[in-house]
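Just so it is clear, none of the values below were taken in a lab; they were calculated from the coordinates. The model shown is predicted, which means the values in this text are computed figures rather than measured ones. Cβ coordinates were reconstructed from backbone atoms using ideal geometry, including for glycine residues, and neighbour counts include every protein chain displayed.
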Amino acid sequence: MQTTTSNAPRRLSWRAALICSLMCLGTATPTWAAGTLDKVRDTGKLTLGYASDARPFAYADASGKPSGYAIELCAQVADAVKSELKLATLAVEFVALSRDEAFRAVEQGKADLLCGVVPTLERRALVDFSIPIMLSGTTAAVRTDTAARIAQALSGRQPSGPAWRGSSDQAPQRAVLAVVGGTVIEKALASRLKERRIVAEVVQVKDSAAGLQLLASRGADAFINDRAMLLDAVAGGGASDIVVLDVLFRRDIVALATRRNDDDFRLVVDRALSRLYRTPELARIYTKNFGAPRSDAVDFFQLVALPD
């Protein structure tokens, strides 16, 4: 009886310690779950994710250095974060991420910001987005000898001439379309081809270089991708028999991606972008990567820039 009584406080003490440990374990907060600004203040480091094969938006140059339009805008944001936190120094690390891992990397705190992505509702379940950094769109690159019927269907030109007046039993023409893996061909495009009695086979490729190579080798009739990326790849590839169509199948907004519900950090990002859009520096960055901006591009940036 005395032994039982003397052990009771020990049991209570052990149980209390166990309960306390479990409670601490359940409420412990990983470093990445804190706000991005708090994380950067504590670590002195900002991690920027990017795709290394999305030239001219983001890519690794010949020396392996991150380059491109979105990279330069992310660098502007990094300067704004350093100023906001009043840091003497800030280590900025660029991390190349695949399309499959990019958004999870931000969600899990492995990257603080993604440099140049297209917002979608599905992606909004994982991350938030800044104000737009670009108005882009999807089109096709074709060979100059691509079948007229396929080229006309892709470009949206109205068919003309007896060749288009096929009977109902006319065999459909077939086309092979190359796309970068992880992207989606618009249903409108598939419907347009079907209306022209063209059956499309979609082949996935790794990147723009692979898509153009497949097109040049006649393994594909067209390569579908972002128009700015196609223009850059065709210009750099030196293939005189490949052209980029002057039509967009769809319009896309490009933005930077931040962690969800991190309003303080997103405010710093949007403020940095908005102020940049009102300076001549934006025109310099834009021209360096895309050529001189047209008036509609200038108007776009003035529209999306938020007032102070």
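Once a ≥ b ≥ c are taken as the square roots of the eigenvalues of the Cα gyration tensor of region 216-301, is the result rounded (a/c under 1.5), prolate (a/b larger than b/c) or oblate (a/b not larger than b/c)? Mind showing how you got there, number by number?
Details: a/c = 2.80, a/b = 1.83, b/c = 1.53.
Note, shape of region 216-301 comes out prolate.
Measure up 82/110; 110/288; 45/65; 65/110 against 23 Å on the Cα-Cα distance and list the ones that go over. If you can, show how the numbers build up before the last one.
Details: 82/110 19 Å; 110/288 30 Å; 45/65 18 Å; 65/110 20 Å.
Correct reply: 110/288.
Using Cβ counts within 10 Å as a stand-in for footprinting exposure, how do 52, 217 rank, fewest first? It would help to have the intermediate numbers written out before the result.
Working: 52 19, 217 8.
Least to most surrounded, the residues fall as 217, 52.
At a 10 angstrom cut-off on C-beta neighbours, averaged per residue, how do the peptides 108-119, 291-302, 63-74 rank from highest to lowest? Spell out each step's value before the answer.
Details: 108-119: 22.3, 291-302: 12.8, 63-74: 20.2.
Ranking, from highest mean packing down: 108-119, 63-74, 291-302.
Return the aspartates and glutamates within reach of residue 86: Cα separation strictly under 13 angstrom, same-chain partners fewer than 8 residues apart disregarded; answer none if there are no such residues.
38, 42
Can you compute the FRET efficiency between residue 98 and residue 75 using 1/(1 + (r/R0)^6), with r the Cβ-Cβ distance and R0 = 22 Å? Round to the nearest 0.05. If you can, show how the numbers build up before the last one.
Details: r = 22 Å, r/R0 = 1.00.
According to the calculation, E is roughly 0.50.
Where Lys and Arg each count +1 and Asp and Glu each count -1, what net charge lies around residue 77 among other residues with Cβ under 12 Å from its Cβ? Walk me through the intermediate numbers first.
Working: positive: 82, 266, 271, 275; negative: 72, 79, 84, 112, 270.
With Lys, Arg at +1 and Asp, Glu at -1, the net is -1.
Taking neighbour Cβ counts within 10 Å as the exposure measure, how do 285, 224, 150 sort from fewest upward? Write out the running numbers ahead of the final one.
Details: 285 19, 224 25, 150 22.
By the 10 Å Cβ count, ascending, the order reads 285, 150, 224.
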